[in-house]
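Step one of this worksheet: look at the structure below.
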Amino acid sequence: MSKILLVDDSALIRGVLETFLASKGYEVILAENGLEGILAAYRHVPDLIVTDVEMPRLQGYQMSRLLKSRREIRKIPIIMHTSLSEDRDKFWADSSGAEAFITKDFDNLEALAAQLKSSLAKAVPVDRDLIAEDAAGMGEAAALEMLGSLFDGELFKSTIMNELNEVERHIGSLSLSAAEVLKILRKVCQVHIGVLILRQENDAQMYILPSTEVVKADVERFQAVCLREFEGLAGPMTGQLTAKVLGVEGRADYERGRIDGRRLSSLHSAELRGKGETVIGTLHVGNLANNYFSELIVGNIRSFADGAAPVLENAVLFRAINEMRRKIDTMFSKFVPQEVIRELLSRRSDTEMKIGEKRSVAILFSDIRSFTVISENNSAEKIVDFLNRYFQLMVRIIRAQGGIIDKFIGDAILAVFGAPVSYEDNAARAVRAAVAMAEALRDFDTSGLVLPEGGFRAGIGIHEGDVIVGNIGSEDKFDYTVIGDNVNLASRLEGLTKHYRATILVSDAVRRAVGEDLRVREVDTVRVMGREQATTLYSIESADQGLVDEAACEVYRKALSMYKMRNWTTAIDYFRQVLAKRSDDYLSLMYIDRCEEFAKNPPPDDWEGTIRLDFK
């Protein structure tokens, strides 16, 4: 038969509960308040205690705290049974060590019965001889004295914890956080030297705070001892150890030898355990006196280490994050604008980084013309130097407009405007970058290189549309990239710059997005390989390529309109008028040839001015 100690100041409630518990087969012992409950627990050693919260002389949670702080009797489960249901009361019940909190409901006492059964099933056996040994000197006065000492100790720990929480203000500096923790340690015990060793991956940082009674020779000997203790508690050092001595600036006696014969004679080391009980470092305390570290002092140091560990872990993590940010910033700032780096770093987890999304971006493809000829006719050293200078210039221009370099593909560049950071004018940014790239190539130094007959030129294609954006690849390697049909179309546009002898080709989507701010000429309407939807192409006009004269542009537009209306003869006349103003206009020459061919072999009846191009 299980023995239940019932503690409640109401005689009515004690009577009701005693009858109920007896009906369930339990032996019931009664107490009227928390102080009587403590004495009854030692006298009768129950299997479980059911107690009210608010009672005279001693509250239920005060009784629970005392019992849970004593050896062996702490194993007896305690259930708080109260009419109070506020969160505050539940907090006090939980913090006192009680196993459960049950609201009184005399219409349904089965909930209490179920909790009793569950708690008793989980209870562990107690050593009744040890409890009887402690009970020999137990009385009201002894219980109250123990309670006073308990609350004094808890008040001390609470004060220290409040000071440790203040260290969070210095989370941005691991060195300052460590110094503040070691200063607070001096309030826990007499510290002639305090040492923190904190692990960060394979490396470790050692912070040493000596008192004015400790000199450099003491510190150096103590360092070696602490490192051995650290490796014993936290595992062997595999990386680099960095040591920093704090608070010795201005001490003229620090480097002098000892003349009093004293030495650090007492040492205590404690683990610093972070989340998941991982050892993140160690705390070492030294004293000049022999056998200084009593059981009480060791207990205080252990409590201090438990409170300091999460504070220091946060500081270590903050430092690691900042170092990671600096490394990423240094590495990716060569390719990616600062605001893009900040956006990527704001992602909270690997999972979030790997989540793909659909978004509208502008894609820019750039490729060097006849690069095979250049590479075949120049040394490897010259090609590498040439490409490095070329990429550096192009990347700088793309980044200046907010684009990112998705990848280099041989001599080609794939740039994205709108991911991971999007702008209202992604297409306009891509166009401005393309124009600046084309202009920069005019003055690019190619001296010493053997170039193809047409000289050094590049083609650029731009399209805007929805793509899939995300980190794509395997677990070992993935790239933040864009994929989809619209990416392929941008690549096709770049390839068509050779066909139409244009420097920059943009799609109708880019033309619409940029509006009248873009000086363009309609080139053609095509269906490219792998895509059934027709796309109208536009070239960006420049002084050395295209039609700058507005009158010539207007004639060209009329010619193109006649071409689309199948009025081949009139279209040819207009195109020849354009050639009269600019004899090397390739598009006019191309359309004259096409009109003459269509005059002989007309296109199908459903032809709408679209040409299918079955090449890349």
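The values are calculated or read from the model by the stated rules, or taken from the named source; none is laboratory data. Everything numeric in this text was worked out from a predicted model, so none of it was measured. Using ideal geometry, Cβ is built from the backbone for each residue, glycine included, and neighbour counts are taken over all protein chains shown.
Scanning segment 410-419 for residues that are under 11 Å from S360 (Cα atoms) and either outside the structural domain of A438 (by TED's automatic domain parsing) or not aliphatic (A, V, I, L, M) (or both) turns up F417, G418.
Per-residue answers, yes or no, for (1) assigned by TED's automatic domain parsing to the domain that holds T536; (2) in a strand (DSSP E or B); (3) under 30 Å from D367 (Cα atoms); (4) among the acidic types (D, E):
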residue	(1), (2), (3), (4)
T569	no, no, no, no
R576	no, no, no, no
A580	no, no, no, no
S583	no, no, yes, no
M590	no, no, yes, no
E596	no, no, no, yes
D605	no, no, no, yes
E608	no, no, no, yes
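So which of S370, S360, S379, S366 ends up being touching a Pro at 6+ places or on another chain (Cβ under 7 Å) and at pLDDT 85 or above? Steps first, answer last, please.
Values: S360 fails: touching a Pro at 6+ places or on another chain (Cβ under 7 Å); S379 fails: touching a Pro at 6+ places or on another chain (Cβ under 7 Å); S366 fails: touching a Pro at 6+ places or on another chain (Cβ under 7 Å).
None of the other options fit; the residue is S370.
I'd like the residue in segment 33-83 that is basic (K, R) and at pLDDT 90 or above and, out of all such residues, is farthest from G137 (Cα to Cα).
So the residue we want is K75.
Could you check segment 219-239 and list, in sequence order, the residues that are within 28 Å of the chain's Cα centre (by Cα) and buried (at least 17 other Cβ atoms within 10 Å of the Cβ)? If the condition is that a residue be within 28 Å of the chain's Cα centre (by Cα) and buried (at least 17 other Cβ atoms within 10 Å of the Cβ), then A234 is the only one that fits. Of the candidates A315, A252, the single residue that is in contact with a Gly (Cβ under 9 Å, 6 or more places away or on another chain) and at pLDDT below 90 is A315. Taking segment 400-413 as the region of interest, how many residues are over 24 Å from the mean Cα position of the chain (by Cα) and either without any contact (Cβ under 8 Å) to a residue 24 or more places away in the chain or more than 19 Å from F371 (Cα to Cα) (or both)? Going through segment 400-413 one residue at a time, the tally reaches 4. Filtered by the rule that a residue be polar (S, T, N, Q) and farther than 16 Å from L613 by Cα, segment 499-537 gives a lone residue, T503. Just one of the numbered conditions (1) at pLDDT below 85; (2) touching a Lys or Arg at 6+ places or on another chain (Cβ under 8 Å); (3) surrounded by fewer than 12 Cβ atoms within 10 Å (Cβ to Cβ) is not true of E86: (2).
Residues that are surrounded by fewer than 19 Cβ atoms within 10 Å (Cβ to Cβ), in the same structural domain as D466 (by TED's automatic domain parsing), without any contact (Cβ under 8 Å) to a residue 12 or more places away in the chain and part of a loop (DSSP other than H, G, I, E, B) do occur in segment 516-532, at least one of them. The criterion of at least 2 residues that are basic (K, R) and under 29 Å from R511 (Cβ atoms) is met, among helices (runs of 4 or more DSSP H) falling completely within segment 359-468, by 380-400, 426-442.
Within segment 93-119, residues that are touching a residue at least 60 places away in the same chain (Cβ under 8 Å) reach partners that are of a type in the set (G, A, S) with beta carbons closer than 7 Å, at six or more positions or on different chains, in the pairs K104/S83; S119/A100.
Against the criterion of being polar (S, T, N, Q), at pLDDT below 85, within 26 Å of I160 (Cβ to Cβ) and surrounded by fewer than 17 Cβ atoms within 10 Å (Cβ to Cβ), S266 does not qualify.
Taking segment 98-113 as the search range and keeping residues that are at pLDDT 85 or above and assigned to a loop (DSSP other than H, G, I, E, B), which one is farthest from the chain's Cα centre (by Cα)? Per the stated criteria, the residue is L109.
Just one residue in the set D94, D134, D129 is in a helix (DSSP H, G or I) and within 42 Å of the chain's Cα centre (by Cα); that residue is D94.
Do we find that L449 is surrounded by fewer than 16 Cβ atoms within 10 Å (Cβ to Cβ) and in contact (Cβ under 8 Å) with a residue 40 or more places away in the chain in this structure? Lay out the reasoning, then the answer.
On the way: surrounded by fewer than 16 Cβ atoms within 10 Å (Cβ to Cβ): yes; in contact (Cβ under 8 Å) with a residue 40 or more places away in the chain: yes.
For L449, the condition - surrounded by fewer than 16 Cβ atoms within 10 Å (Cβ to Cβ) and in contact (Cβ under 8 Å) with a residue 40 or more places away in the chain - is met.
Looking across segment 166-221 at every residue that is polar (S, T, N, Q) and more than 28 Å from R256 (Cβ to Cβ), the one that is modelled with the highest pLDDT is identified as S177.
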